[in-house]
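Each reported figure results from applying straightforward, stated rules to the coordinates on display, with no laboratory input. Quick caveat: nothing in here was measured; it's all calculated off a predicted structure. For neighbour counting, all protein chains shown are included, and Cβ atoms are generated from backbone atoms with ideal geometry for every residue, glycine included.
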Amino acid sequence: MKLLKILLLGLICSIPQSLSKSLERIVNGELVDIIEVPYQAALRRKTTSGWSHSCGAVVISTMSVLSAAHCVIGYQNEPSKLLVAVGTSLRSGGITYDVAAVYPHEGYSSVTVDNDIGLVAVTGTIKFGAKVMPANIAPSLLKIPVGTQAIVSGFGRTEYDGKSSDLRAALVNIVSRKECEKAYLNLGIITPGMICAAAVNPPRDACQGDSGGPLVVTHTVIGIVSWGEGCANSSYPGVYTSVSYYSAWIHSYLDLIERM
């Protein structure tokens, strides 16, 4: 399946109940093979019955993946309760790596969902191939023109009450900050570290289970699925953490991880 055939998707994982935002699914997306989005990764959390899909993530080096802070907060002292999975088009399976450390942004706020970004360091080395390749990190000060088409992908829900066991992706368009701020005027603040994207006819967006996953333009990750109002709600764009805004922070922790 060619990426040009991808129509829609909705990605979002779980976020603070204080905002009542839905961030866990891919809505109106199409099935996609991991070979088309080889940077896609997943976080799995340890439960009493085994390992369960938790959030999306994106491969950015042989030693780490990038995700949302709200996906990794609370695991700093017990990283062994997380796994990183790569190289699979299914919600299960793939190649898994134990987690050595997690680094949620120090300024992350569960109230405003600002600074919603985090790095996950794995044990061992992530091996690259056709199904596993790193995405480029958007450089600082990168300006993404309004209307730019981007790809969002993940294993999250396909509707508010439904789940997907397969990898899905969708095309969305970058929305202006002014339009996004207007949409969320009474629901939350769109900070400088956030970017927004949406699509209509039909609506496409991220949803529960996809938080922490990638928003990509030409193999460069420009956003991390963070939060939103509902899933594929035509009145509310999806809100993503701006990778460009946090590029220096990301590279500082990549340097730290490489010295581990």
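Once label points are set 7 Å from the Cα along Cα→Cβ at both Ile73 and Leu256, what is their separation, rounded to one decimal in nm? Roughly 1.7 nm, to one decimal.
Placing a pseudo-label 7 Å from each Cα along the Cα-to-Cβ vector at Lys46 and Glu179 gives an inter-label distance of 4.5 nm. Cross-link check: pairs Lys81/Lys131; Lys81/Lys127; Lys81/Lys182 evaluated at a Cα-Cα cut-off of 29 Å; pairs beyond the cut-off: Lys81/Lys182.
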